1. Looking at Leu50, Leu95, Leu45, which is the one that is at pLDDT below 90 and either small (Gly, Ala, Ser) or surrounded by 16 or more Cβ atoms within 10 Å (Cβ to Cβ) (or both)?
2. Which residue is surrounded by the fewest Cβ atoms within 10 Å (Cβ to Cβ), if the candidates are limited to segment 1-22 and must be at pLDDT 90 or above and among the polar types (S, T, N, Q)?
3. Just one of Val33, Val67 is in a helix (DSSP H, G or I), surrounded by fewer than 18 Cβ atoms within 10 Å (Cβ to Cβ) and of a type in the set (Val, Ile, Thr); which is it?
4. Considering only segment 36-64, state which residues are in contact (Cβ under 8 Å) with a residue 12 or more places away in the chain and in a loop (DSSP other than H, G, I, E, B).
5. Quick check, is Ala62 modelled with pLDDT of 90 or more and crowded, with 18+ Cβ neighbours inside 10 Å?
6. Phe92 is checked against (1) touching a residue at least 60 places away in the same chain (Cβ under 8 Å); (2) of a type outside the set (A, V, I, L, M); (3) farther than 18 Å from Leu20 by Cα and fails just one. What number does that condition carry?
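The values are calculated or read from the model by the stated rules, or taken from the named source; none is laboratory data. Quantities reported herein were computed from a predicted structural model and do not represent experimental measurements. Positions of Cβ are backbone-derived with ideal geometry, glycine not excepted, and every protein chain shown enters the neighbour counts.
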Amino acid sequence: MFNQSHFLGKYAMITVVSLLTLTLFDSNPWWKVLFFAIPATLLNLYLTGLALQQAWSQVMTAPLQGVVAAFLAYLVSLATVFRATFGTLVGFALLLSVVEYLLAGFFPQKHHEE
C-alpha cells in the first residue's frame, strides 16, 4: 500500500517535528529522537492505512495521528529512554497534526479497493 518514498517522507516529517519539540524543548539527544521517529512513522503509516480503509477524512485523521505519536512519546518517556514534559507532548501533537494536515497532498492516497 505504501512505497519506500512514502515511508521516507513520513519519517522526515516526523523527525523534523520531533527534533523541533522533543530535542529543542526537552533537551533530548538528537540520536534518541531519530530512533524514536522510526516506530512513530510505522504507527503513523498504520493509522494512515486504517484511515484509508475506513474512509476517514483528513480533518479527523491528522489530529488522531498527532495524539497517537505524542502518546507513543509519553510511553517512551515512561521507560526513561528520554524526557518528555506535558507541554512538549501537547506541542508535539499539535505541530504534527498541523503538518500532517498541511502536507497531506504530498503523500498520495491510494484508496483500498475490495
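1. Matching residue, one of Leu50, Leu95, Leu45: Leu45.
2. Selected residue: Thr15.
3. The conditions single out Val67.
4. Ala55
5. no
6. Unmet condition: (3).
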